[in-house]
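The next block holds one structure in the form of structure tokens; read it before the comments.
The values are calculated or read from the model by the stated rules, or taken from the named source; none is laboratory data. Everything numeric here is computed off the predicted structure, so don't read it as measured data. Neighbour counts run over all protein chains shown; Cβ positions are idealised from the backbone, glycine included. For accessibility, only protein heavy atoms count, side chains too; no ligands or nucleic acids. Shrake-Rupley method; radii C 1.70, N 1.55, O 1.52, S 1.80 Å.
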Amino acid sequence: MKTIGLIGGLSWESTAYYYKYINQGIQARLGGLHSAKCLLYSFDFAEVVQLQEAGQWQEAAALLAEAAAKLEAGGCDVVLICTNTMHTVADEVRRTLSIPLLHIIDETAKEVKRQSIRKVGLLGTRYTMEQPFYRDRLLDLGIEAIVPEKADRDRVHEVIFHELCRGELNPTSKAEYLRIIDRLRTQGAEGIILGCTEIPLLLREGDSPLPLFDTTYIHANAAVQFALNPPVFD
């Protein structure tokens, strides 16, 4: 079994689910008392949020690269950044590593395409919805992504940082998210990427008439597959 390196604490609420899903996946495949070999580097999320709000993305990239280097030095065979937003600097982090970095957008795109969907709605932080890194990478992989209008983007972002990252699950906020999803459906979305690892705390498959792509679960499951059957890289 390969050792998985997790860059977490972004926020810890969703990182806990990474740990849960990865261990459940290993146990389901190997049975018995098997669990995952993994190392976790957990940030003080407030420090990273401060850099995000100040637009200091290169400084944030340096922090993540330092964490990734520590995981590699600790013996990890693969690294995951346990958040969608910070994949805006994933390529910078990847370049500092001699081991693979499993990219959350790439893994999510595989699942979207497996369901033969070509147009999705994208929910996430303001950075994920408004910066081009997420939508452009999906487009390069053959998937068009649309985002809510500005007022709805602001509300989605607010719920993430003021409720979900603090462990608060508000039924009113869930209803608002479903309203926003329905609006994206009327604009042609065939599925919805829950492009923030906290959103699946609020929304589950079956809550929406459209397929929901839980990026936390998808990313964690990709780590399980890697740990048990790593692909060959050039």
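Compute the orientation-averaged projected area for region 166-206 from the convex hull of its Cα atoms and round it to one decimal in nm².
3.1
For the chain, what is the accessible area per residue in Å², given a 1.4 Å probe and the full set of protein chains?
Numbers: 10520 Å² over 234 residues.
Heavy-atom SASA per residue in the chain reads 45 Å².
Can you tell me which of 178-191, 196-209, 70-83 comes out highest on packing, and rank the rest after it, using the mean Cβ neighbours within 10 Å?
Numbers: 178-191: 16.5, 196-209: 18.8, 70-83: 20.6.
Put in order of decreasing packing, that is 70-83, 196-209, 178-191.
Of the listed pairs LYS20/LYS110; LYS113/LYS174; LYS20/LYS113; LYS2/LYS119; LYS20/LYS174; LYS119/LYS150, which have alpha-carbon separations greater than 30 Å here?
On the way: LYS20/LYS110 22 Å; LYS113/LYS174 26 Å; LYS20/LYS113 26 Å; LYS2/LYS119 35 Å; LYS20/LYS174 23 Å; LYS119/LYS150 20 Å.
LYS2/LYS119, as the Cα separations exceed 30 Å there.
Along region 2-13, what does the Karplus equation 6.51 cos²θ - 1.76 cosθ + 1.60 (θ = phi - 60°) give for ³J(HN,Hα), rounded to whole Hz, x for Gly and Pro?
The phi angles translate into 7, 9, 9, x, 10, 9, x, x, 10, 9, 5, 4 Hz.
With every protein chain left in place, what is the accessible area of SER116 in Å² (1.4 Å probe, nearest 10)?
Accessible area of SER116: about 90 Å².
Nearest 20 debye, what's the magnitude of the dipole of region 104-234 about its Cα centre given +1 on Lys and Arg Cβ and -1 on Asp and Glu Cβ?
Roughly 240 debye for region 104-234.
Grab the other residues whose beta carbon is less than 14 angstrom from that of LEU178, score K and R as +1, D and E as -1, and report the net.
Once positives and negatives cancel, what remains is +1.
If I compute solvent accessible area with a 1.4 Å probe over the protein chains, what percent of it on the chain is carbon and sulfur?
In the chain, the share of accessible area belonging to carbon and sulfur is 49 percent.
Which of the aspartates and glutamates could be linked to LYS37 by a straight reach, that is with a Cα gap under 16 Å, when you skip same-chain ones fewer than 8 residues away?
Within the straight-line limit of under 16 Å, LYS37 reaches these aspartates and glutamates: GLU72, ASP77.
Run the helix sum for the chain: -39,500 (n - 2.57) per DSSP H stretch of 4+ residues, divided by residue count, reported at 222 nm to the nearest 500 deg cm²/dmol.
About -15500 deg cm²/dmol.
Compute the Rg/Rh shape ratio of region 132-202: radius of gyration over Kirkwood radius, all on alpha-carbon atoms.
Rounded to two decimals, Rg/Rh equals 0.98.
5 Å is the cut-off here: which amide hydrogens, built 1.01 Å from N in the peptide plane, fall below it relative to LEU123, excluding neighbours closer than 5 in sequence?
Amide H neighbours of LEU123, under 5 Å, 5+ apart: ILE193, GLY195.
When a/c reaches 1.5 or more, the comparison of a/b and b/c decides; with that in mind, is region 55-166 rounded, prolate or oblate per its Cα gyration tensor? Could you put the intermediate results ahead of the total?
Details: a/c = 2.15, a/b = 1.35, b/c = 1.59.
Oblate, since a/c reaches 1.5 and b/c is not below a/b.
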